[in-house]
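Read through the structure below, which is laid out as structure tokens, and then see the notes.
The values are calculated or read from the model by the stated rules, or taken from the named source; none is laboratory data. On a predicted model such as this, the values are computed, not experimentally measured, just so you know. Cβ placement follows ideal geometry from the backbone for every residue including glycine, while neighbour counts extend to all protein chains displayed.
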DNA sequence: CGGTATCCCCTAAGATACTG
DNA sequence: CAGTATCTTAGGGGATACCG
């Protein structure tokens, strides 16, 4: 059985609260349906599959080869999910070497357009993001270094203040 | 140390291949930067944070309360990531009860707009998706049932064909 | 208040092997 | 070829405890 499904018992259906523009409402809804659908769409492989299928339909192995890095299991899983969601269609040709073609449904095609916008955003900002990361890391490194220097200094002071002989009977050894 | 980071050693930088429209190129790039950024954006909490911060800046605990379900650890992690990527800014007020405000950077704001498009898509299609899922599940259930009926029939036939006594010495029991 | 560090569990996803 | 079944592992993410 197992079914490896989920989706059903997660985050019980929360009735749509009408067309409310409030952002708080947005994330409320995000918690119910949007979140889940988005997670599926944006998962590791779905995007790639949708991207590839936008040009023309492909068979299983063609997708497998095109994606490079996806395991058989993950590709099958991804395709079944997308099929279940009505985003890709699966047509089996009962030939001798079995042939299965995957294609985008009309709905899948509209999703592709939307996703494309996100990808474009990412492409446009990837340099800015890389720069921000570099800056952040530089700052973090500087801070860490400063902290270490300070710690060393403190240790030196402690050493100087202590009597030449080591531990005075109990407690206090090197001090952290 | 641990740092719990990653990001660095994953998927070495792949130089941008110019502005090529080919879809194959798209997913190639998706494998390098887009994929990773998208994963961050679409992760369990980032979306919510960005959504909330779009209205006005918030402090840590305000976000914590607003999101409901997020652990301290995850919220902190998410915020660090978003800060590192230059999507949210973190300003510390050195008051007696320390106060830290988080806000969207300009880049974060543009991302919000883009994400919003995706959310709108999801909202517009969630009914269609739900319907597709229901249809798929119905089909699957029907198929499974049919398979079970067939199996039962086959078992009945096997039982009838077999002599009243059980396994004939070696091999062939129920036959697959 | 605003975090970081630690432990620990559980699921997602890769590798492998088998089936129709 | 087009999958499913099984095993195993990395890391996402919660709970808890402690620092500044």
Taking region A:45-76, which residues are more than 13 Å from DNA strand D (Cβ to nearest atom), under 21 Å from the mean Cα position of the chain (by Cα) and not in a helix (DSSP H, G or I)? A:45, A:68, A:69
Any idea which residue in region A:68-84 is nearest to the other protein chains (Cβ to nearest Cβ), counting only those that are more than 10 Å from DNA strand C (Cβ to nearest atom) and surrounded by 14 or more Cβ atoms within 10 Å (Cβ to Cβ)? A:84
Do the conditions hold for residue B:42, that is, is it at pLDDT below 85 and under 24 Å from residue A:125 (Cβ atoms)? yes
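Can you tell which of B:17, B:91, B:105 is modelled with pLDDT of 95 or more, surrounded by fewer than 19 Cβ atoms within 10 Å (Cβ to Cβ) and more than 12 Å from DNA strand C (Cβ to nearest atom)?
B:105
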If you go through region B:98-115 one residue at a time, do you hit one that is within 30 Å of residue A:85 (Cα to Cα), touching a helix residue (DSSP H, G or I) at 6+ places or on another chain (Cβ under 6 Å), more than 16 Å from DNA strand D (Cβ to nearest atom) and assigned to a helix (DSSP H, G or I)? yes
Given (1) within 8 Å of DNA strand C (Cβ to nearest atom); (2) at pLDDT 95 or above, number of the condition residue B:97 does not satisfy: (2)
